[in-house]
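Report on the structure given below.
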There are 4 protein chains.
Amino acid sequence: MPKRGMKPIRRQQLIDAAIASIHEHGFSSATVARIARKAGVSTGIVHHYFTDKTDLLASTMRSLLDLLRREAVMRMRIAHTPIERIYAIIHASYGDQQFSEEVFSAWLALYGNARDSDKLQRILRIYHRRLHSNLLHNLVPLIGRERAQDVALGIGALIDGLWLRYALTGRPENAETPRALTRAYADAMIAGK
Amino acid sequence: MPKRGMKPIRRQQLIDAAIASIHEHGFSSATVARIARKAGVSTGIVHHYFTDKTDLLASTMRSLLDLLRREAVMRMRIAHTPIERIYAIIHASYGDQQFSEEVFSAWLALYGNARDSDKLQRILRIYHRRLHSNLLHNLVPLIGRERAQDVALGIGALIDGLWLRYALTGRPENAETPRALTRAYADAMIAGK
Amino acid sequence: MPKRGMKPIRRQQLIDAAIASIHEHGFSSATVARIARKAGVSTGIVHHYFTDKTDLLASTMRSLLDLLRREAVMRMRIAHTPIERIYAIIHASYGDQQFSEEVFSAWLALYGNARDSDKLQRILRIYHRRLHSNLLHNLVPLIGRERAQDVALGIGALIDGLWLRYALTGRPENAETPRALTRAYADAMIAGK
Amino acid sequence: MPKRGMKPIRRQQLIDAAIASIHEHGFSSATVARIARKAGVSTGIVHHYFTDKTDLLASTMRSLLDLLRREAVMRMRIAHTPIERIYAIIHASYGDQQFSEEVFSAWLALYGNARDSDKLQRILRIYHRRLHSNLLHNLVPLIGRERAQDVALGIGALIDGLWLRYALTGRPENAETPRALTRAYADAMIAGK
DNA sequence: AATGAATGAGCCTTCATTCAT
DNA sequence: TATGAATGAAGGCTCATTCAT
């Protein structure tokens, strides 16, 4: 019996399964068949909802980024000053939803394979640009355009670097450490002049 | 008597070709055949000098790390104070040999696929541990054991994070920017208390 | 809904193709590709229905043995005395289905390559044990346990030996000669004391 | 320094290594490299002394048969009556040199792969013909040409069949059992009329 | 005579993708 | 909408064979 409106449900199922698969056995072992099985559907169905495996992967990446963006937007909305908004961005990056091994390792795997597909690379560029411009926008009033460039780069890099370590080693175990570390960096750089 | 002593030469050739291949088309497109062709040898020879594709990849990773380690050791040797040695580590990380797109993207790809192989993961762990303990050792006399832990983590993360951006975007274009950024972070954290 | 119930059909197709391939060009030339082509399917499908090439080969061997076992069981069922049952076993071994060049040479090839795989070896052991115990069981009432051991061994060996010649030379051309020969041996050994 | 007269020595070394390799890991694992290593020589040398791998294998088979033939000839020379000569043939087949697991499993493997090469098949045919004609020649004066045909076939088959069991199961453990069994068969068939 | 480096064909296997049902 | 059977193109790896030394 044909069901209507399955599209968003199935897509999310498959994206979740993709994340889980990548986390479990690594990127190159995340085959369509394996993802489908984990989602509890047949192989064929994947190409019903995604044009490609690449498409599924790109959608997965986008989904990961959306999660992050929504959390950042939400946190920034309740912030009132530039520094609060910078904190909001930092906190969002280590938000509860983000701070899971599954999400991290999928993220990292996608990172490491971005060169394989222009689609993936473009998505990552968007993420970088957005993070950078958000930080920049709030840093400029505090330290001027010139220094803001460097500090925005630094904060972004620190976030990614701390992620990387977590994805690889599972440490530190709670989100507060990287948050504090990143905040401290921002504070120091802003106070620096 | 056959050609003697080809082993180290061929191995290095193949490692170089592996780095180039990974950089050029991404990790998953770096097939044995492609690597061999780039090295100007036949497919078969790869398994003459490496037990496995994994072995070749792990050796490549190790080679990358050795390059880094040698540079760090060299720079640390001519440093005399803890802070100088910390700078030495930072500078080594963005050393001339390191600061090439090829090396960076190979590094990143290996990062992103570490989960696929225990070998790769182990090698990365060694790198992390070494970087961390080197930093820690020199930070302790300056800021005490407790804070040193966090700062070592932060410096390491910042290094990796800046790399990541470079590997992905090719920016910033020269090594001085990330060096200065990382030094500034170290300075601020050390001065911070 | 896809084509259902293809599994047993395809499996038998492939087993038949395996037998034919082994017969035609020998064991080591019976590649997966060749077997698949002979079955009129693609290479990929082989691994859809068998885990392995070894699995296909083992299944082929098992299929051969099953044919034999079914014929033996059938013939033994209509036999009433020990000697009749012994004849039944002998006749089954040279049964119409068994007595084909194809089956023989596949059998022989598997024999000669049993050392390569534990699976194959185990299957052959089962065949030997079954043949031996069937003969033994019916010989004991006739000649006592002690002599029965030797005679069972002898009958089994004679059966295999005659097969071997047939598989290799294609002679004798009809099944009656080996049957008569084996029966005569059994008669003589039973009458012998 | 070039050594003279190495040919027969090296050839025998390699043949012995081939037998051992086949026995150890099965026919299909007996690669040229493996055989060479076991013989303690380099890969390349094999093609210096044999045109082919097939040639090496055929020579190995021939060597096995020669061993058998020499033993048979020797034993027949000291026999004086037809029945003694028949015994001589039987005993030679289970001679001390023959009755080794190594030799047996090499023999069997070659058997099982004879279809792969005409050379091998021809050698086996020669063996069969020789065994058959030797038996036949000595059976005719005892039971007439007609019955002799069948009995020669039976004795030959029994010999091969008993071998087969030994090669596969390692039992029976000593040569006397198959000898006695085969002799008993010959006796019974000769006495039979 | 001897080595082992080097080649390239071929094998098994995996996998994204298509398609009949 | 959904299935899973089926395909065929790679991919990693092995191996007999050749060849420079």
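What follows draws every value from the coordinates through simple rules; no lab data is involved. Nothing here was measured: the structure is a model prediction, and the numbers come from that model. Backbone-built Cβ (ideal geometry, glycine too); neighbour counts: all protein chains shown.
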Who wins for biggest fluctuation among C:P178, C:P141, C:P82 in a Gaussian network model of chain C, springs between alpha carbons below 10 Å? C:P141
Report the residue, chosen from B:H48, B:H91, B:H137, that carries the largest GNM mean-square fluctuation when chain B is represented by alpha-carbon nodes joined by springs under 10 Å. B:H48
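Would you tell me the mean number of C-beta atoms belonging to other protein chains that fall within 10 Å of each C-beta in C:168-174, as a whole number? Intermediate results must be reported in sequence, preceding the final value.
On the way: counts 9, 5, 0, 2, 3, 0, 0.
Averaged over the peptide's residues, the number is 3.
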Share of Cα-Cα pairs in the protein assembly as shown beyond 52 Å, whole percent, is 41
Sequence gap at least 6, Cα distance under 8 Å: using those rules, report the relative contact order of the range C:62-172 to the nearest whole percent. 28
With a cut-off of 18 Å, note down the residues of the range D:89-119 whose backbone N falls inside the zone around a label point 7 Å from the Cα of D:R11 toward its beta carbon. D:119
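Just tell me how shielded C:177-185 is by partners: mean number of partner chain Cβ atoms within 10 Å of each residue's Cβ, no decimals. Walk me through the intermediate numbers first.
Details: counts 4, 4, 0, 2, 7, 3, 0, 7, 7.
What the average comes to for C:177-185 is 4.
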Taking max minus min of the Cα coordinates of the range A:9-51 on each principal axis, largest first, gives extents in Å of 24, 17, 16
Decide, for the range A:110-193, between rounded, prolate and oblate: order the square roots of the alpha carbon gyration tensor eigenvalues as a ≥ b ≥ c, take rounded if a/c falls under 1.5, and otherwise choose prolate if a/b is larger than b/c, else oblate. oblate
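Tell me what the protein assembly as shown gives for mean residue ellipticity at 222 nm when only DSSP H runs of n ≥ 4 count, each as -39,500 (n - 2.57), the sum divided by the residue total, rounded to 500 deg cm²/dmol.
Details: 32 runs with 607 residues, N = 772.
Theoretical 222 nm ellipticity from helices: -27000 deg cm²/dmol.
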Connecting C-alpha atoms closer than 10 Å in a GNM of chain C, tell me which of C:I78, C:I159, C:I123 has the biggest fluctuation. C:I78
Give me the net charge of A:A88's neighbourhood, meaning all other residues with Cβ under 10 Å from the Cβ of A:A88; Lys, Arg count +1, Asp, Glu -1. +1
Calculate, in whole percent, how much of the Cα-Cα pair population of the range D:45-142 lies beyond 24 Å. 30
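For the range D:51-98, what is the convex hull volume of the alpha-carbon atoms per residue, in Å³?
Numbers: hull volume 3.2 nm³, N = 48.
Residue-normalised Cα hull volume stands at 66 Å³.
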10 Å-binned pair-distance histogram of chain B (Cα, whole percent): 9, 33, 31, 18, 7, 2, 0
